[in-house]
Each structure stands twice: as C-alpha cells, then as structure tokens.
Amino acid sequence: MQRLVINSTQLENNQIALTNEQLHYLKRVLRLGDGDRFLAMDGEGKSWLVAIAADSAIILEEVLAQTELSVNCTLLVALPKGNGFDEIVRCCTELGVSKIIPVNSDRTLLKPSPNKLARWRRIATEAAEQSERQFVPKISEPLDFATAVKVVPEENTPCYLSVARSSSPHLLDCLLDQKATKIVIATGPEGGWTPTEVELARSAGFQPVSLGRRILRAITAPIFALSVVAAQSERKPLTKGKIYDGRSC
Ligand code: SAH
C-alpha cells in the first residue's frame, strides 16, 4: 500500500488536510480517487490507514508496526564529493539510521549549497516511506568536524571513529561488547581524517574502529557501518550451548 509522510500539523479531528503537492501526487501521479486508501505516517512513530475524501484524508484506524532498529544510531559523515551524500542518505535511511550529521572536515573537498539540505531531507522522507519505517531520520545542518565531536557525544552513548589502515578493533566487536541503546559513528572523507582530527575525536571520547581490511570509499563506509549496526541489532541471539555452524539459520 502507498505510504505518504505528512506533517503532524496537518492532523485535525480525525482528518488530514492534504497539501496541494500531496493531492497532486496522490491524485495525478498515483491516480488515486475519493475513497481510495493509503498509509499516512507522521515520520515520528505514528501511522494511520486513511481514505481520500476531496482534499483531505479521513483516518480509518491507527496502524501499529515496528520496523525500527533497537539501537538509535547517529552517523556523523564527512561530506563526500559530488552528489555522493544523496546515496548515503538514501541507503542509510533504508538501513535504519536515526540521524545523519553532515560534517565539513579538513579534507572535505566541496561545501554544500544551501538547497542541498532540503534535497537530503526529501530523499530521507522518500526512503523512509519506501522502506516502511515509522521514523524519518533527521538530517541536521552541516557542522564543522571540530564542533561536531564536541557537541554530539552524550552520556551513555558510545562514539566510534572509523579509521582506515589502523589496527583498531572492528566496529562489530565493539558493538558486541556493549549494550547501549544509542551510539554515534563517524566516517571520513575521500582523503581520510587528518591526524589532528583523529586526536581531536579521541580526546572528545570517540573510539577508533576498523570497518575491515579493505579501504572503503567515503560513500561505502557509512553504508557498511550502518549495515553492521542493523545486523547486530536484529540478529537472533545465539542459544547458549548450541554451536552455530553457519548453515542452520
Ligand atoms: N584515502 C584514505 C581512505 C579514506 S576512506 C586512505 O587511503 O587511507 C574514507 C573514510 O571511510 C575513512 O576516513 C574512514 O572513515 C572510512 N573507512 C574506509 N575504509 C575503512 C576501513 N577499512 N576501516 C575503517 N574506516 C574505513
């Protein structure tokens, strides 16, 4: 069934007042008419089965679903060149990220134009609809790396810094060693972090981690990191005493 993210301010008395843009999408693009149903979601955890009635949607019932990760993951991503960030936002939204903070780092090659942020938020909304999530990840204004490492860490929130070519422990091992419900992972730009940035992050409490033996592109690294988080968060716990032989799932 078609999903559409609405703003909670559009809700009134069991009805959703649809915007012209939403009406155009539902009626012209999807060719839905009065009485046709779709799923409306507020992007903050609530979904409803609704039916179109003129320029609004009538709420028929609340839909309960749980497709979110059990761990709240914030990604701090050094902006890659070109439109690479679009792909990061799309894929990491599908994988379950909670928040993405774009960062300018010492070796970030391009500064984003102001309309980029609106574009990334649109991509996150579409990807959340498509992947049947209840939450649309927040995409914050770009921050400088030095500011981000100071303001992002919170109490009881392990923060990891992905560093290529290092002898740091693997992200998966670090995740398996803790039970936090909130984590932060930072991934660098094409040229990697500068030694000063690694030191800055370390002293702000970020633990350097490896994402494996190969060197991933700046676009692949956050997608891989989120895949590890999602797999770890959703795996079936191993039954005590039973030996996992790699074939029996
Ligand atoms: N040009 C750099 C690599 C940059 S890769 C070099 O040659 O060393 C871009 C970013 O992806 C890195 O800053 C890091 O955050 C992440 N990354 C890529 N591969 C990684 C790996 N194997 N382990 C940890 N982080 C990795």
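Nothing in this text is a laboratory measurement; each read-out follows from the coordinates by a stated rule. Here the structure is a predicted model, which means the values were calculated and not measured. Counting neighbours? That spans all protein chains shown, and the Cβs are built from the backbone with ideal geometry, glycine included.
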_residue 153, sole failed condition from (1) within 16 Å of the ligand (Cβ to nearest atom); (2) touching a Gly at 6+ places or on another chain (Cβ under 7 Å)_ = (1)
*Name, by its number, the condition in (1) touching a strand residue (DSSP E or B) at 6+ places or on another chain (Cβ under 7 Å); (2) surrounded by 20 or more Cβ atoms within 10 Å (Cβ to Cβ) that does not hold for residue 93.*
(1)
*Here are some residues: 78, 57, 65, 51. Which one is crowded, with 22+ Cβ neighbours inside 10 Å, within 27 Å of residue 14 (Cβ to Cβ) and more than 12 Å from the chain's Cα centre (by Cα)?*
57
